[in-house]
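Data first, discussion second: the structure below is written as structure tokens.
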Amino acid sequence: MESSKSLAAWQKSQRVIPGGVNSPVRNFSKVGGHPRFIARGEGSKVYDIDGNEYIDYVASWGPLVLGHAHPSVIEAIRSTALDGTSFGAPTTRETELAETIVNAVPSIEQVRLVNSGTEATMSAIRVARGYTGRDKILKIDGCYHGHVDYLLAKAGSGVATFGLSDSGGVPEDFARNTLTVPFNDPEAVREAVEANPDEIACLILEPIMGNMGIIPPYEGYLNQLREITEEHGIVLIFDEVITGFRVAYGGAQSYYNVTPDMTCLGKIIGGGLPVGAYGGNQDIMRCVAPEGDVYQAGTLSGNPLAVTAGITTLRKLAEPGVYEQLESSAATLAEGLAEATQKHGIDAWHSRVGSMLMLYFTPETVTDADGARTADTERYQQYFWGLVERGVYVAPSQFEAGFVSLVHSDEDINTTVQAATQVLANLC
Ligand code: HOZ
């Protein structure tokens, strides 16, 4: 496969951008080779600057549930842009997006729009600290909540991909207040809470881990977290940046029927433009300035383009049959991949919730970050390149997720399964 233009583009970008990329996992360093520079996307496909076509399961890491360059989203962005791109003043569109979110997500009575998932989690934690008057926070090993200083300890995504336990540049003092426990282990949460009485402001987690591959919660796990946090006056925060409007219209909290105190959103609610949001019940959200004393602000927050792309995307997702279609396409893909690993005697753990999935090269059952870490990343590397060479683009890391969108056709899924079957037959 020809990729000389991508290679030249990467060599050029490395002179002026660290690693040649604006987010670490994109530079492919953990799968080897060089990143493909993307020229354009349409529907289920992306095209690189050498002219190669790929069926895309990265989907901008989740937001593009309608596919690339969806005509309605593009038209909404275009017509909104004609009226101006930013005002630093309120618009009625922001209220419309906020109302849509409030009506969809059970835990949210009020919501504040920000510009990224990182801003959402950082702000939600500040609010939880302001609300409780406590400093410590509890997070889950392998959950990734963006690049917030005190949330990088034992994080997933790029931190896991690069084998880091945390990040340089974070003062010890900042990380001192972060406690970490394993996923799917309510007893560990209880112990941490009891060892730090009246000191923990919040427990933050991805209700379905999506930055270490895909790891679903055990049945009842989220309910147990709800009980423990309620008992101890701890704010329960679901980071639904990935799962929000993805596994169900109301996110993982409606999928599992557990209501957290606060929720962080991003990705899909911006329809592929930069956005984030955090919200919760009125009591908690009243702490946010100007009503309360917890300060949080942003010049581009509620940006008209992101908001209109988000509203248009959410309108489509509210149509009947959408989540059934996502479920059915993703199930067909996952079943095809499972058959292929079985046929070729490959040790694999297949994980999927709705349209999010990951194949781990491990004989273990993956129920937490340590389980995910048993995966053979060299095998993943071979699998990744085998797929890329056959025109299928998946995450360049074992510790990310794959996303099926509404525009993946039966033909796309069949082609993908055939490509994966060929690749798996030749894995060493
Ligand atoms: N950490 C992001 C996905 N979980 C990757 C972001 C990006 O490279 O765009």
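Only one of these conditions is not met by residue 210: (1) within 16 Å of the ligand (Cβ to nearest atom); (2) surrounded by fewer than 16 Cβ atoms within 10 Å (Cβ to Cβ). Which number is it?
Among (1) within 16 Å of the ligand (Cβ to nearest atom); (2) surrounded by fewer than 16 Cβ atoms within 10 Å (Cβ to Cβ), the lone unmet condition for residue 210 is (2).
Somewhere in region 90-108, is a residue charged (D, E, K, R) and at pLDDT below 95?
Taking region 90-108 and keeping what is charged (D, E, K, R), we get 93-94, 96, 99.
Keeping just the survivors that are at pLDDT below 95 gives none.
No, region 90-108 contains no residue that is charged (D, E, K, R) and at pLDDT below 95.
Which of the residues belonging to region 358-372 are closer than 20 Å to residue 427 by Cβ and not acidic (Asp, Glu)?
Once the filter is applied, which keeps residues that are closer than 20 Å to residue 427 by Cβ and not acidic (Asp, Glu), region 358-372 yields 358, 359, 360, 361, 362, 363, 366, 372.
Of all residues in region 225-242, which are closer than 23 Å to residue 199 by Cβ and in contact with a Phe, Trp or Tyr (Cβ under 9 Å, 6 or more places away or on another chain)?
235, 237, 239
Okay, residues lined up against (1) modelled with pLDDT under 95; (2) away from the ligand (no atom under 16 Å from the Cβ); (3) in contact with a helix residue (DSSP H, G or I) (Cβ under 8 Å, 6 or more places away or on another chain):
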position	(1), (2), (3)
203	no, yes, yes
218	no, yes, no
231	no, yes, no
238	no, yes, yes
241	no, no, yes
245	no, yes, yes
249	no, yes, yes
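For region 374-428, give me each residue that is in a helix (DSSP H, G or I), free of Cβ contacts under 8 Å to residues at least 60 places away in the same chain and buried (at least 17 other Cβ atoms within 10 Å of the Cβ).
Result: 379, 382, 383, 386, 387, 419, 423.
Report, by residue number, each residue of region 185-196 that is open to solvent by less than 10 Å² (accessible area, probe 1.4 Å) and more than 24 Å from the chain's Cα centre (by Cα).
Correct list: 193 only.
So how many residues does region 251-284 have that are open to solvent by 10 Å² or more (accessible area, probe 1.4 Å), in contact with a helix residue (DSSP H, G or I) (Cβ under 6 Å, 6 or more places away or on another chain) and not in a loop (DSSP other than H, G, I, E, B)?
1
Scan region 33-75 residue by residue and report those that are farther than 30 Å from residue 386 by Cα, open to solvent by less than 50 Å² (accessible area, probe 1.4 Å) and either of a type in the set (Phe, Trp, Tyr) or out of contact with any Gly (no Cβ under 8 Å at 6 or more places or on another chain) (or both).
If the condition is that a residue be farther than 30 Å from residue 386 by Cα, open to solvent by less than 50 Å² (accessible area, probe 1.4 Å) and either of a type in the set (Phe, Trp, Tyr) or out of contact with any Gly (no Cβ under 8 Å at 6 or more places or on another chain) (or both), then 72 is the only one that fits.
With the requirement that a residue be without any contact (Cβ under 8 Å) to a residue 40 or more places away in the chain, within 22 Å of residue 413 (Cα to Cα) and not hydrophobic (A, V, I, L, M, F, W, C), what does region 348-368 give you?
Across region 348-368, the qualifying residue is only 350.
So, in region 10-24, exactly how many residues are more than 23 Å from residue 69 (Cα to Cα), among the hydrophobic types (A, V, I, L, M, F, W, C) and open to solvent by less than 30 Å² (accessible area, probe 1.4 Å)?
Total meeting the criteria: 0.
With respect to residue 49, is the statement that it is within 21 Å of the chain's Cα centre (by Cα), more than 16 Å from the ligand (Cβ to nearest atom) and over 23 Å from residue 306 (Cα atoms) true?
no
Name the single residue, out of those in region 325-341 being open to solvent by 40 Å² or more (accessible area, probe 1.4 Å) and farther than 18 Å from residue 420 by Cα, that is nearest to the chain's Cα centre (by Cα).
Residues of region 325-341 that are open to solvent by 40 Å² or more (accessible area, probe 1.4 Å), as a first pass: 325, 327-328, 332, 335, 339.
Okay, now just the ones that are also farther than 18 Å from residue 420 by Cα, so 325, 327-328.
Values: 325: 20, 327: 18, 328: 21 Å.
Only one residue tops the list, namely 327.
So is residue 10 within 29 Å of residue 238 (Cβ to Cβ), aromatic (Phe, Trp, Tyr) and touching a residue at least 12 places away in the same chain (Cβ under 8 Å) or not?
So residue 10 does not fit the description; no.
For region 149-184, which positions are crowded, with 21+ Cβ neighbours inside 10 Å, at negative phi and within 15 Å of the ligand (Cβ to nearest atom)?
151, 152, 155, 156, 158, 159, 160, 161
Residues are listed down the side, and each one gets a yes or a no for (1) open to solvent by 70 Å² or more (accessible area, probe 1.4 Å); (2) part of a loop (DSSP other than H, G, I, E, B):
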{"position": "80", "(1), (2)": "no, no"}
{"position": "89", "(1), (2)": "no, yes"}
{"position": "93", "(1), (2)": "no, no"}
{"position": "97", "(1), (2)": "no, no"}
{"position": "103", "(1), (2)": "yes, no"}
{"position": "108", "(1), (2)": "no, yes"}
{"position": "113", "(1), (2)": "no, no"}
{"position": "125", "(1), (2)": "no, no"}
{"position": "128", "(1), (2)": "no, no"}
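Against the definition (modelled with pLDDT of 95 or more, within 25 Å of residue 358 (Cβ to Cβ) and of a type in the set (Gly, Ala, Ser)), how does residue 266 come out, yes or no?
yes
Could you tell me whether residue 199 is free of Cβ contacts under 8 Å to residues at least 12 places away in the same chain and either surrounded by 17 or more Cβ atoms within 10 Å (Cβ to Cβ) or of a type outside the set (Lys, Arg) (or both)?
Details: free of Cβ contacts under 8 Å to residues at least 12 places away in the same chain: no; either surrounded by 17 or more Cβ atoms within 10 Å (Cβ to Cβ) or of a type outside the set (Lys, Arg) (or both): yes.
Considered against the rule, which asks whether it is free of Cβ contacts under 8 Å to residues at least 12 places away in the same chain and either surrounded by 17 or more Cβ atoms within 10 Å (Cβ to Cβ) or of a type outside the set (Lys, Arg) (or both), residue 199 comes out as no.
Quick one: count up the residues across region 342-370 that are open to solvent by 10 Å² or more (accessible area, probe 1.4 Å) and assigned to a helix (DSSP H, G or I).
3
Yes/no per residue for (1) in a helix (DSSP H, G or I); (2) touching a residue at least 24 places away in the same chain (Cβ under 8 Å); (3) of a type in the set (Asp, Glu):
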site	(1), (2), (3)
299	no, yes, no
307	yes, yes, no
319	no, no, yes
323	yes, yes, no
330	yes, yes, no
334	yes, no, no
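The values are calculated or read from the model by the stated rules, or taken from the named source; none is laboratory data. Only a predicted model underlies this, so the values are computations on that prediction, with no experimental measurement involved. FYI the Cβ positions are ideal-geometry reconstructions off the backbone, even for glycines, and counts take in every protein chain you see. Each accessible area value is taken on the protein alone, full model and side chains, heavy atoms only, with ligands, DNA and RNA left out. Shrake-Rupley method; radii C 1.70, N 1.55, O 1.52, S 1.80 Å.
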